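Asks: Submitted below is the structure of interest, expressed as structure tokens.
Every number in this text was worked out from the coordinates using simple rules, so none of it is lab data. As the structure is a computational prediction, the values presented were derived from the model and not from experiment. We place every Cβ from the backbone using ideal geometry, glycine too, and count neighbours over all the protein chains shown.
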Amino acid sequence: MYLGIDQSLTHSGVVILDGKGNFQYGFAIKPKTRGVTRLKEIVATLRENLNPEFTYFTCMEGYSYGNMFGKAFELGELGGIIKCWAGSGLIVAPTTLKKFITGKGKLEKGIDKKDIIPRIVKEKWGFETKDDNIADAYGLARIAYLYEHQDECTKTELECIKAVRIF
């Protein structure tokens with residue numbers, strides 16, 4: 001099973017693909033709390049929604065501090081907790097994820113990520129969601145799958161796979 005997590009303090013996306021890369025399940029985590037309670041809520045939601053009988057090869061998005069002024073420590077704590085929970089996996093830089101999904105590392109100015117990413121994910125892989133965090137999580141799960149099936153990659157996808165970090 002391949003698990004993609006687009007983690008955030010306010011709205012995370014999670015997607016699971018099966019061993020053949022087919023979509024199995026996806027969900028959003030939108031905590032209503034703050035501080036340590038929020039971190040516990042996120043981990044509890046992961047535990048409630050993921051089968052402990054399965055082993056998940058996890059891929060998570062690297063930190064994007066640009067719009068998180070003052071939240072860097074909390075975001076780091078969340079990432080650390082997810083890494084400890086997952087055990088091992090891949091970290092993908094935000095620009096690498098965008099390149100993997102769109103074919104380009106950056107979106108053109110004036111283009112809203114919340115609209116374009118779900119549309120491209122649907123066009124490219126047939127996975128439909130209106131939630132850009134779940135669309136990102138789908139891309140991350142697809143990276144996890146293709147990391148182990150590199151013979152199925154396009155040239156751009158392979159460039160992105162080679163740029164991931166292992167945790």
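Asks: Convex hull volume of the Cα atoms in segment 4-65, per residue, in Å³? Don't jump to the answer; show the numbers that get you there.
Replies: Details: hull volume 5.7 nm³, N = 62.
Enclosed volume per residue, from the Cα hull, is 92 Å³.
Asks: Show the residues, 5+ positions off or on another chain, whose built amide H is closer than 5 Å to the amide H of F57.
Replies: Answer set, sorted by chain and number: Y2, L3.
Asks: Any idea what the relative contact order of segment 1-99 is, in percent, if you count C-alpha pairs under 8 Å spaced at least 6 apart?
Replies: Result for segment 1-99 is 28 percent.
Asks: Direction-averaged shadow area of the convex hull around the Cα atoms of segment 2-166, nm²?
Replies: Computing the convex hull of the Cα atoms and averaging its projections yields 9.3 nm².
Asks: How large is log10 of I(q)/I(0) for segment 64-160 at q = 0.15, 0.18, 0.19 Å⁻¹ when the intensity is taken from the Debye formula with one equal scatterer per alpha-carbon?
Replies: Relative scattering, expressed as log10 I(q)/I(0), comes to -0.68, -0.96, -1.05.
Asks: Then there's this: Using Cα pairs closer than 8 Å and at least 6 residues apart in sequence, work out the relative contact order for segment 2-166, in percent.
Replies: Across segment 2-166, relative contact order equals 30 percent.
Asks: Related question: Report the FRET efficiency, 1/(1 + (r/R0)^6), for W85 and K109, where r is their Cβ-Cβ distance and R0 is 30 Å, rounded to 0.05.
Replies: Given R0 = 30 Å and the Cβ-Cβ separation, E is 0.25.
Asks: What is the magnitude of the charge dipole of the chain about its Cα centre, with +1 placed on the Cβ of each Lys and Arg, -1 on the Cβ of each Asp and Glu, and no other charges, expressed in debye to the nearest 20? Could the numbers behind the result be given before it?
Replies: Values: 24 positive and 21 negative charges, 102 e Å.
Dipole magnitude for the chain comes out near 500 debye.
Asks: On to the next question. Report the calculated FRET efficiency for K155 and T33 (r = Cβ-Cβ distance, R0 = 41 Å), to the nearest 0.05. Don't jump to the answer; show the numbers that get you there.
Replies: On the way: r = 44 Å, r/R0 = 1.07.
Here the calculated transfer efficiency is 0.40.
Asks: Listed here are the pairs K40/K124; K32/K122; K32/K124; K71/K130; K32/K155; which of them are more than 31 Å apart at the Cα?
Replies: On the way: K40/K124 35 Å; K32/K122 29 Å; K32/K124 33 Å; K71/K130 26 Å; K32/K155 41 Å.
K40/K124; K32/K124; K32/K155, as the Cα separations exceed 31 Å there.
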